[in-house]
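Here the structure comes first, spelled out in structure tokens, and everything after it is commentary.
Laboratory data are not the source of any read-out in this text; all were calculated from the coordinates shown. Fair warning: this is a prediction, and the values are worked out from it, not measured in the lab. Here Cβ is always computed from backbone atoms with ideal geometry, including for glycine, and neighbour counts include all displayed protein chains.
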Amino acid sequence: MSGMAMRVLSYILFAVAALVGGSAILVYGFVTSLACGYAPGAGSCHAAPSELGGDDRFWLVELPGILVASLIVLALLARRKGRA
């Protein structure tokens, strides 16, 4: 691929990483706020990542983090290859 195509690919990968990260934050906030319906007398309605179960933490925190990190690394590699 040409240098310009690799640069465009890196921009697309950065945009997808931002979209995945932003979506993950919104989903995490929505899902953890559902605890208010189950424990209305609780002092706090949001669960911290350390308070989540292992499976929930994987789907809400770890998997999106891995995806965002992978997309950023791929974007950086594409940008570096575009310069060469």
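Every residue, every condition in (1) loosely packed, with under 12 Cβ neighbours inside 10 Å; (2) without any contact (Cβ under 8 Å) to a residue 60 or more places away in the chain; (3) among the aromatic types (Phe, Trp, Tyr), yes or no:
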| position | (1), (2), (3) |
| --- | --- |
| Ser50 | yes, yes, no |
| Gly53 | yes, yes, no |
| Trp59 | no, yes, yes |
| Glu62 | no, yes, no |
| Leu67 | no, yes, no |
| Leu71 | no, yes, no |
| Leu76 | no, no, no |
| Arg83 | yes, no, no |
Which of the residues that make up segment 3-22 are touching a helix residue (DSSP H, G or I) at 6+ places or on another chain (Cβ under 8 Å) and either over 14 Å from Ala75 (Cβ atoms) or among the basic types (Lys, Arg) (or both)? Gly3, Met4, Arg7
